[in-house]
Amino acid sequence: MRIGILTGGGDAPGLNAAIRAVVRPALASGDTVIGIRNGWAGLTGSGDFFEIERRAVSGIIQLGGTMLGSSRVNPRKVEGGLELVRSNLESASIDALVAIGGDDTLGVAAWLGEAGVPVVGVPKTMDNDLSVTEYCIGFDSAVHIVTEALDRLHTTAASHHRVMVVEVMGRDTGWVAVEGGLAGGADFIAIPEFPATLEAVMQHLERRRSGGRDFSIIVVAEGVDLAGVAETPVRTDAFGHAQLSRRGVGERLADLIEQETGNETRATVLGHTQRGGSPTAFDRIWATRVGAYAYDLIRRQEWGRMGVVRCGTVETAAISDVVAEQRRVPRELYDLAATFF
Ligand code: F6P
């Protein structure tokens with residue numbers, strides 16, 4: 001069998017571990033694996049493929065990024081996209097396709113599956129907002145990076161008696177902010193799920209000052225709706241997502257805090273550092289498990305499905321169910337984080 005594999009959307013630590021987990025057992029069983037470069041771009045142009053040999057996946061489990069490259073190309077927005085994907089798969093004699101990605105990439109996979117393309121999925125997004133699965137490749141590494149950044153910012157904030165505003169990614173959900181903030185001991189966390197007012201932030205900072213705490217760390221999710229703090233940007237990608245980092249919510253909030261309270265305030269935007277570098281051990285292990293599961297699904301010819309993590313084990317789910325809705329931070333998790341503000 002000839003298996004095509006691609007990674008789409010934002011890269012994330014753990015993608016290489018998942019690719020390796022598909023390639024190794026496939027080659028051991030006598031199958032051929034074809035790498036498709038740069039996500040759906042590799043299937044919507046003239047076809048951008050290469051055969052993945054065993055040694056190409058040696059020494060990559062610890063590497064961030066993706067050896068296949070990625071893009072935010074959306075075949076649904078490309079004229080004749082479905083036919084292009086089909087003909088490229090045919091020309092490379094690909095019998096089965098593995099799509100590793102978040103809601104955008106997997107949304108395309110579900111669409112192709114409905115059109116009869118033999119496809120399986122693997123969950124990846126540092127935003128951690130896919131339904132059904134409790135694990136997405138890259139989230140643990142992102143939380144780890146945010147936690148370490150907060151540890152470092154604590155010492156400098158304390159030395160200078162400053163307010164530090166830390167902007168983190170996560171698109172329309174606050175998973176990275178709430179888990180990173182909880183682990184890093186944030187003094188306030190603002191996320192899209194439970195919008196706070198600017199007044200609430202100021203009052204909280206004032207309470208801390210009058211309680212003798214002369215520095216504060218505020219974690220703000222890039223997509224938070226803090227009334228009046230940042231405008232929604234106009235620039236969007238091929239999947240219709242606004243580029244939220246351009247709102248500058250962290251910088252803007254820091255300015256307002258300094259103006260209103262007179263406290264010295266600095267903003268740090270963690271940005272793409274949250275997606276770079278080596279995956280955590282947790283991401284390596286679970287990326288391996290969901291990657292290997294994708295190959296199992298191919299062996300069983302269970303098209304349109306993917307491995308999801310539930311209660312500590314990998315289970316099967318329809319790709320269409322995983323992308324049906326966005327998983328959002330539950331109230332109890334946010335309230336738990338807030339008890340430490
Ligand atoms: O979806 C992952 C993510 O990192 C989001 O958290 C963020 O909003 C977006 O991608 C950034 O996209 P880009 O890499 O295109 O700037």
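The values are calculated or read from the model by the stated rules, or taken from the named source; none is laboratory data. As the structure is a computational prediction, the values presented were derived from the model and not from experiment. Quick reminder, even Gly has a Cβ in these numbers, built from the backbone with ideal geometry, and neighbours come from all protein chains shown. Keep in mind that these areas ignore ligands, DNA and RNA; they rest on the heavy atoms of the full protein, side chains included. Shrake-Rupley method; radii C 1.70, N 1.55, O 1.52, S 1.80 Å.
Numbers for the structure displayed
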| read-out | value |
| --- | --- |
| Selection from the range 227-250 of residues that are under 30 Å from T105 (Cβ atoms), touching a residue at least 12 places away in the same chain (Cβ under 8 Å) and surrounded by fewer than 21 Cβ atoms within 10 Å (Cβ to Cβ) | E231, T232, P233, D237, A238, F239, H241, S245, R246, R247, G248 |
| Exclusive hit being of a type in the set (V, I, T) and crowded, with 24+ Cβ neighbours inside 10 Å, set T105, T173, T156, T147 | T105 |
| Count of residues meeting criterion [surrounded by fewer than 24 Cβ atoms within 10 Å (Cβ to Cβ) and closer than 21 Å to T173 by Cβ] in the range 81-102 | 0 |
| Residues of the range 283-318 that turn out to be closer than 28 Å to I145 by Cβ and either acidic (D, E) or not assigned by TED's automatic domain parsing to the domain that holds G113 (or both), as a count | 1 |
| Residue within the range 277-294 that is outside any helix (DSSP H, G or I), loosely packed, with under 15 Cβ neighbours inside 10 Å and on the phi < 0 side of the Ramachandran plot present | no |
| In the range 132-144, residue farthest from the ligand (Cβ to nearest atom) [restricted to those that are in a helix (DSSP H, G or I) and open to solvent by less than 10 Å² (accessible area, probe 1.4 Å)] | S141 |
| Test: residue in the range 195-216 that is part of a loop (DSSP other than H, G, I, E, B), surrounded by 15 or more Cβ atoms within 10 Å (Cβ to Cβ), within 16 Å of the ligand (Cβ to nearest atom) and touching a residue at least 24 places away in the same chain (Cβ under 8 Å) | no |
| Residues within the range 108-131 that are outside any loop (DSSP other than H, G, I, E, B) and open to solvent by 50 Å² or more (accessible area, probe 1.4 Å), tallied | 2 |
| Unique residue being farther than 18 Å from P118 by Cα, in the same structural domain as S91 (by TED's automatic domain parsing) and touching a residue at least 60 places away in the same chain (Cβ under 8 Å) when the list is A12, A41, A28 | A12 |
